[in-house]
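The values are calculated or read from the model by the stated rules, or taken from the named source; none is laboratory data. Since the model is a prediction, treat every value here as computed from it, not as a measurement. Cβ placement follows ideal geometry from the backbone for every residue including glycine, while neighbour counts extend to all protein chains displayed. All accessible areas refer to the heavy atoms of the entire protein, side chains included, with ligands and DNA or RNA removed. Shrake-Rupley method; radii C 1.70, N 1.55, O 1.52, S 1.80 Å.
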Amino acid sequence: MIEHMDEIYPPSPEFVAQAKVDAKKYEEWYAASVADPEAFWGEHGKRLDWIKPYTKVKNTTFAYPDVSIKWFEDGVLNAAANCIDRHLEKRGDQTAIIWEPDDPNAEARHITYRELHEEVCKFANVLKGLGIGKGDRVVIYLPMIPEAAYAMLACARIGAIHSVVFAGFSPEALGSRIDDCGAKLVITADEAPRGGRITPLKANADEARKHHGDHVKCLVVERTGADVPMVEGQDFSYSKLRAEASAECPPEPMGAEDPLFILYTSGSTGKPKGVLHTTGGYLVYASMTHEYTFDYHDGDIFWCTADVGWVTGHSYIVYGPLANGATTLMFEGVPTYPDAGRFWAVIDKHKVNQFYTAPTAIRALMGKGLEYVEPYDLSSLKVLGTVGEPINPEAWIWYHKHIGKERCPIVDTWWQTETGGHMITPLPGAIPTKPGSATKPFFGVQPVVLDPQTGEEITSIEAEGVLCIKDSWPGQMRTVFGDHKRFVETYFSQYKGYYFSGDGCRRDADGYYWITGRVDDVLNVSGHRMGTAEIESALVAHPKVAEAAVVGFPHPVKGQGIYCYVTLMAGEEYTDELREELRQWVRKEIGPIATPDYIQWAPGLPKTRSGKIMRRILRKIAENDFSNLGDTSTLADPSVVEELIQNRMNR
Ligand code: 6R9
């Protein structure tokens, strides 16, 4: 047993007394949500403002191959109106977004709901002026600036479908996303300052459009004011168009099942998938999970440190908090700039009440020492959250002790791009936590543990296997953009009748869930999802590389690191220069987050006789564990294993 894993941390009586959901209410609501989903969600769907109320609630089936998911299907609403307009009367002067810039000496901004309304309407009119309308796809490639939220909400307001691409992605990765979704417009900035360094976003967008869709227009937000080349009739300055734009823009009435956004995410095979979320169900789910998982009360200051390029930023910086009329903090920088105390400084500066970050950040800051935490008060904090990967108990305890001062419940939220919002998470006033466990399902979520071999549900309380979900919830993705078959095959074909998450898990005697990590070829590096196949195809795109196999290995800060085995074209020589060249090559092809930690030269790769690479063996070798390689007799050439081990030891 790992230290602390069997400890239980109940919320304090003071916390429970003020919490929106206590243990009794959780049990009651959860039971009701699975007994009669129609009635439960029919009631909670009313948390939004509907232009035309729904009369149908749930129309879903996981039956292979006829998977179909519809929620609130005859309802009509607008997501931006729900995030802005409906709050104007009561909280027009309340801050909607606090923006904390990269440079700690530059001034933070407070944008009220009224200002947000004006900015989003102007942005929406600029988009209309560029010919964007309902159903058109718009790629957003922006730094963490308020305009990123304006752009998303402006799309939602006019019914355009946004696809935000993380500003750390390379031109190549941006270009393939522009292509895949058939975007009409890319919104970018001149440059992005982050951690004191500058990324040339407009130049990246130009590079991306050279290879993919050079007909795609580009709208450029001025962030640093740098002089960037602008092509007449093709590139447009946002500040110029904004100055002429009207601040009136009626929200487009949208069907609940009309698409809201596409977000690309990695799977175990092929290129990233365009996960499609629709309007009604997604917004109900994002706002409800935001309120209850974080026990958000009116007037609280909420801070999620994710980038809007990930689903966490969509649901818990923009849509969830704003639908709830919250004050959401948006941070442009990184946790270690100007020093490892930045998060804590920002919490004190803006009196943050709920703080939501990734385990990798906690581990990195923990490693810098307590002298970066001690100067700060942190007494505004009420709830802490984690997301993106399993949290190791040591990091959990550190977070609990030094940041939460043993006073704040920690919500370890398990969910995915595909799920739209939290799926397994403690509700902080209801569920005692255990370090490293995501604990119990959110309302309406029915997790099951399947035997990976038989596909049978394990019905005993204690169980270990693959994590699937038995029935639909409103925040579920509806399809893969442009490829419904891929959606059905990826999530519903392996275990018929269930949504397959791709994660493994254990359920303990108290019915708590412990996520054990991916069971497919997806890596989780610093909370970022990456398919081994993507990195492999980047490597083999290099002229000197013949074959590549990529696996993960345990990394103390990043959770998992990237370990590559590479065979070269005949006649090419293995050198340190080439190794560095390949590292830089992958960086350039995908982005810095995909930079390999290790590249090992491999004269051959271990394959079955049918030519399948035996990753299990490569993982063991990467982990330096040569004792348990299992059965290697089915290999086409068992001697390659010995060679790989020798190379590993000499690395
Ligand atoms: C929200 C988000 C999803 C994958 C998921 C799982 C891992 C996320 C986790 C967690 C353990 C948690 N994951 N939260 N593992 N505990 N609390 O991260 O979405 O980028 O799509 O990644 O991340 O492996 O399958 P996404």
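What to note about this one:
- Sulfur and carbon atoms: percent of accessible area, the range 177-228 [1.4 Å]: 44
- Share, in percent, of DSSP beta bridges within the chain that are antiparallel, nearest 5: 60
- With the simple spin-label model, which puts each label point 7 Å out from Cα in the Cβ direction, the Glu7 to Lys496 separation comes to 4.7 nm.
- Placing a pseudo-label 7 Å from each Cα along the Cα-to-Cβ vector at Val231 and Lys351 gives an inter-label distance of 5.1 nm.
- Placing Arg583, Arg363, Arg157 in order of accessible area, with the largest value first and a 1.4 Å probe, yields Arg583, Arg363, Arg157.
- Computed over the chain, Cα set: Rg, Dmax in Å: 24.3, 74
- For the chain, the residue among Pro452, Val76, Gly504 whose Cα projects farthest onto the positive side of the dipole built from Cβ charges is Val76.
- Between Thr454 and Lys368, the contour length at 0.36 nm per residue exceeds the alpha carbon distance by 26.4 nm.
- Each Cα pair under 8 Å and six or more residues apart adds its sequence gap; the mean of these over the residue count of the chain is a relative contact order of 14 percent.
- Estimated distance in nm for a label pair at Glu248 and Glu642, the labels positioned 7 Å out from Cα along Cα-to-Cβ: 8.3
- Unit charges at the beta carbon, dipole of the range 526-647: most positive-side option, Pro556, Thr575, Pro596: Pro556
- For the chain: accessible area per residue (Å², 1.4 Å): 37
- Taking a straight line from the alpha carbon of Lys184, these aspartates and glutamates sit under 14 Å away, with near neighbours fewer than eight places off in the same chain left out: Asp136, Asp214, Asp235.
- In a fully extended conformation the segment linking Lys485 and Thr608 would gain 41.4 nm over its present Cα-Cα distance, using 0.36 nm per residue.
- Using a probe radius of 1.4 angstrom, the carbon and sulfur fraction of the accessible surface of the range 526-647 is 50%.
- Counting only DSSP beta bridges with both residues in the range 526-647, the antiparallel share comes to about 75 percent.
- Taking the range 446-477 and a reference point 7 angstrom along Cα→Cβ of Thr61, the backbone N atoms nearer than 15 Å belong to 472.
- Extension gain, Asp339-Glu580: 0.36 nm per intervening residue step, less the Cα-Cα distance, totals 83.9 nm.
- Cut-off 18 Å, label 7 Å out along Cα→Cβ of Glu89, residues of the range 28-72 by amide N: 46-53
- Surface share of carbon and sulfur [accessible, 1.4 angstrom probe, percent] for the range 104-154: 41
- Taking all protein chains together, Ser12, Ser633 sort by accessible area into Ser633, Ser12, largest first [probe 1.4 Å].
- Per-residue ellipticity at 222 nm, computed for the chain from helices alone with -39500 (n - 2.57) per DSSP H run of at least four residues, works out to -8000 deg cm²/dmol.
- Cα-centred dipole magnitude for the chain, charges only on beta-carbon of K, R (+1) and D, E (-1), debye, nearest 20: 700
- Ignoring aspartates and glutamates fewer than eight residues from Lys240 along the same chain, the ones with Cα atoms less than 13 angstrom from its Cα are Glu222.
- In Å², nearest 10: area of Tyr563 left accessible to a 1.4 Å probe: 0
- Tensor-based shape of the range 526-647 (alpha-carbon gyration tensor, a/c under 1.5 rounded, otherwise prolate or oblate): oblate
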